[in-house]
1. Please state the shape class of region 55-307: rounded when a/c is under 1.5, otherwise prolate if a/b exceeds b/c and oblate if not, all from the C-alpha gyration tensor.
2. Could you check the simple spin-label distance between Glu276 and Met211, using points 7 Å along Cα→Cβ, in nm with one decimal?
3. Spelling out what I want: for every residue of region 223-240, take phi, set θ = phi - 60°, compute 6.51 cos²θ - 1.76 cosθ + 1.60 (Karplus), and round to whole Hz; glycine and proline get x.
4. Hey, how many Å between the Cα centroid of region 193-219 and the Cα centroid of region 62-119?
5. Could you tell me which GluC sites (Glu not before Pro) in region 131-183 are loop residues by DSSP with no more than 10 other beta carbons within 10 angstrom of their beta carbon?
6. If the reach is capped at under 30 angstrom between alpha carbons, list the lysines near Lys77, excluding any in the same chain fewer than eight residues apart.
7. GluC sites (Glu not before Pro) within region 229-282: which are DSSP loop residues with at most 14 other Cβ atoms inside 10 Å?
8. Can you work out the Karplus-derived ³J(HN,Hα) for every residue in region 254-264? Use 6.51 cos²θ - 1.76 cosθ + 1.60 with θ = phi - 60°, whole Hz, and x for glycine or proline.
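What follows is calculated from the coordinates using simple rules that are stated; it is not laboratory data. None of the values given here were measured: they were computed from a predicted structure. Glycine also receives a Cβ, built like all others from the backbone with ideal geometry; neighbour counts cover every protein chain displayed.
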Amino acid sequence: MPLGFLRWELRYLYAHKSPAGNLRYFVYLKGGVEVDRQEHVLLCYKTALYCDISMTFTKAREEFAVRYYEWGTLEFKREMADSFPILRSFKSGRFWKLHRFMQQLGKYDQIIMASARLKHNNPEAIAALGEHITPKEEALLTQFREFCLDFPTRQTEEAEIRARVEAAGRTRFASKAKIRRAILKQFRGAFETECFDLAIVGIDPELDFKMKRNGWIVTTHFDFEVRGRQFDYGHAICSEASIPPHGMPAVILGFPSLTGWLGLRGDTGWEHLIDEDIQPVCDFIIQHCRIFFDVLPKLLKGLDFESLTPD
């Protein structure tokens with residue numbers, strides 16, 4: 001099935017607050033529904049059932065996972081339409097490999113591969129939507145895994161890294177300390193008015209910038225102690241309420257990251273950066289964090305922590 005279209009057996013389509021405080025949904029129970037995600041056009045041939053349900057923590061996690069998956073689908077379509085600007089910006093690592101692999105595919109197979117990556121790395125959303133990975137998608141995932149392990153692929157990557165370092169007249173990569181200082185300064189400057197507890201950011205080796213959105217704590221995390229890379233970046237959406245004695249969040253809504261938008265598992269990582277790369281990487285991070293922060297209110301609409309009920 002082409003990316004951007006989804007056949008649903010059961011899907012919550014619209015939600016709003018009722019006077020009683022519950023979330024109300026239109027629930028389409030019959031099959032044969034096609035949704036164009038890009039235009040948000042619903043073609044429904046069956047009758048809709050109107051009902052009230054309470055939004056529990058588990059349902060909220062599921063709903064957020066579905067919204068994040070659908071938004072990621074739109075972002076990946078935009079990435080392909082614009083000739084992979086995000087993937088091209090990475091000069092090594094997983095994004096570099098995915099870009100090289102996508103370049104080998106025709107347009108139709110690129111669409112199928114994008115769908116496969118998103119499904120593979122958003123299992124909770126896929127289960128909620130009743131989707132599955134098709135044989136064609138599984139075949140492309142297998143080809144990509146083989147491509148990443150292929151010796152010529154590794155040779156090409158290493159050769160490009162050496163050429164970049166030599167062209168810049170460098171003998172070593174940028175230090176983690178220098179990258180950390182730049183990110184701390186520029187992220188603080190870009191989002192200072194939206195963050196809280198900024199005074200303690202920078203005391204630990206890791207950087208954790210915290211914001212409040214819809215009753216949730218949204219943390220942007222930079223890890224400089226990760227092995228094999230200069231640093232990783234990702235987000236976490238957690239409840240402000242915590243569980244004693246260690247203060248763990250009572251509810252974790254999700255761990256979104258740039259990798260999730262583009263169907264790669266885990267945090268977004270950078271490696272083999274030289275000094276000349278630091279400013280472009282900082283600009284890239286600020287730009288894409290801003291994109292995520294701007295869309296986050298829509299992803300969290302109706303999922304305010306205070307309105308949820310325990311399972």
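1. Values: a/c = 2.08, a/b = 1.13, b/c = 1.84.
Oblate, since a/c reaches 1.5 and b/c is not below a/b.
2. Once both label points are built, they end up 3.2 nm from each other.
3. So the Karplus estimates, Gly and Pro as x, are 10, 9, 9, 5, 7, x, 9, 6, 6, 10, 9, x, 10, 9, 10, 10, 6, 6 Hz.
4. If we compute the Cα centre of each part, the gap is 29 Å.
5. Answer by residue number: there is no such site.
6. Within the straight-line cut-off, Lys77 pairs with Lys30, Lys46, Lys59, Lys91, Lys97, Lys107, Lys119, Lys136, Lys210, Lys212, Lys298, Lys301.
7. Those that pass, being in a loop and sparsely packed, are Glu240.
8. So the J values, rounded to whole Hz, are x, 10, x, 7, 4, 4, x, 4, 10, x, 10.
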